[in-house]
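For reference, the structure discussed in these notes is given below.
The values are calculated or read from the model by the stated rules, or taken from the named source; none is laboratory data. What you are looking at is a predicted structure, and each value in this text was computed from that prediction instead of being measured. When we count neighbours, we look across all protein chains shown, and the Cβ atoms used for this are built from the backbone with ideal geometry, even at glycine.
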Amino acid sequence: MLELIDLDIESLGYTRFISAWLYKGPEGAFLVDTGPACTVDTLLKSLEENGVRDLDWILLTHIHMDHAGAVGHVSRHFPEAGIVCHERAASHLIDPSRLWEGSRQILGEIAETYGPIKPVPEERILTRERVDFGEGIRVIPTPGHAAHHQSFVFSDWLFCGEVFGVFLKTDGDFYLRPATPPRFDFAQFADSMERLAPEVNRNICFAHYGMYPDGNRILDLARTQLRLWVEVIRSHAQSPNMQSIVSDLKANDPVFARVDELPEPIYTREQYYINNSVRGILRYIQENGGAKG
C-alpha cells in the first residue's frame with residue numbers, strides 16, 4: 001500500500017501543497033519526507049489511522065523545512081526508524097541551528113509558521129546508496145533543487161522530490177513548474193534528470209504534489225521546460241520585469257500556462273513560488289554571465 005498523506009497548512013491557506021508518502025506492506029513501513037514541524041500532528045494522526053505502529057525508515061529527499069522540518073519530532077515517536085539523507089544534509093539534522101536561521105532569512109514569516117526544527121541524534125542518521133527494505137530501496141543523488149537532494153526508487157515508484165518540479169493535476173491534464181531556488185544550477189539539474197532517465201518507467205511520486213503514471217512524459221516535459229525557462233528568462237536578463245517574464249513564460253510554455261486553471265487559493269500561492277523560481281534562474285544567469293542552458 002502506498003498512501004499520500006496530505007499535510008495542509010491552514011494558517012497559510014496551503015492545500016495540495018506538501019505531502020509525505022507512506023509505504024506499508026509485508027516488509028514493514030517507510031515514510032518519504034515528513035513535512036514541516038507545524039504539520040507533525042496531522043502526520044502522526046494519519047500514520048496512526050493507517051495502522052503504523054513502527055517505521056523501518058524515514059527517507060528524506062532533502063532537508064528544506066517544508067520537507068524535513070518535522071523529522072526530529074517524528075523520529076522521537078519512532079525510535080527504531082533509521083533516517084536516510086544525503087551526506088551533505090547530515091550535519092544540519094544533527095544541529096539544525098544554521099538551517100533554521102537560513103530558512104528564516106529566506107522565507108521570513110513562512111519559516112516561522114513552519115516552526116522550529118528539532119535535532120536528530122547522530123546515530124539515527126544514515127547515508128547510503130541502497131536501503132535494506134524488501135527488494136531494496138535505491139538511493140540516487142539528484143542535486144539541483146538543493147545540493148543535498150536525492151531520489152528513491154522502490155518497486156513501481158520513483159520518489160523524485162522536486163527534480164521534475166512542482167506538479168498539480170488540473171481538470172484537463174496537469175500543471176508543471178520548475179522548482180529552481182536561488183542557488184539554481186542548470187547543469188546539476190539537467191544531469192540529475194538524466195540520471196533518473198533509466199528509472200522513469202514507473203509511477204512518479206512528487207513531493208509537490210501527487211502521482212503521475214507516465215514517467216517518460218514527465219521527464220520529457222520537465223527537461224524541455226527547464227531549458228525553455230532558462231532561455232526565456234535570459235532574454236529578459238538585461239532589464240528584468242517579473243510580470244513580463246511570467247507573461248512570456250505562459251506564452252511559450254503551455255504546461256506552465258495551466259496555472260490559470262488552478263483553484264484560486266492554489267493559484268494565489270503559486271504566484272509567490274513562481275516568482276521564486278524565476279529569481280533563482282535569473283540569479284544563475286546573472287552570476288554566470290548569461291550562461292546558456
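Table for the structure above
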item	result
Subset of region 220-251 (residues that are in contact with an Asp or Glu (Cβ under 9 Å, 6 or more places away or on another chain), closer than 24 Å to LEU60 by Cα and crowded, with 18+ Cβ neighbours inside 10 Å)	none
Condition check for SER155: among the hydroxyl-bearing types (Ser, Thr, Tyr) and over 19 Å from the mean Cα position of the chain (by Cα)	yes
Matching residues, region 101-128, being within 13 Å of MET65 (Cβ to Cβ), buried (at least 18 other Cβ atoms within 10 Å of the Cβ) and of a type in the set (A, V, I, L, M, F, W, C)	ALA111, ILE117
Odd one out for ALA291, checked against (1) of a type in the set (A, V, I, L, M, F, W, C); (2) surrounded by fewer than 16 Cβ atoms within 10 Å (Cβ to Cβ); (3) at pLDDT 95 or above	(3)
Members of region 5-21 that are out of contact with any strand residue (DSSP E or B) (no Cβ under 8 Å at 6 or more places or on another chain) and in contact (Cβ under 8 Å) with a residue 24 or more places away in the chain	ILE9, SER11, LEU12, GLY13, TYR14
Single residue of region 22-59 satisfying the filter (under 19 Å from CYS205 (Cα atoms), free of Cβ contacts under 8 Å to residues at least 60 places away in the same chain and among the aliphatic types (A, V, I, L, M)) that is surrounded by the most Cβ atoms within 10 Å (Cβ to Cβ)	LEU31
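Conditions tested, residue by residue: (1) free of Cβ contacts under 8 Å to residues at least 12 places away in the same chain; (2) hydrophobic (A, V, I, L, M, F, W, C); (3) out of contact with any Asp or Glu (no Cβ under 8 Å at 6 or more places or on another chain).
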position	(1), (2), (3)
ASP253	no, no, yes
ALA257	yes, yes, yes
GLN271	yes, no, yes
TYR284	no, no, no
GLY289	yes, no, yes
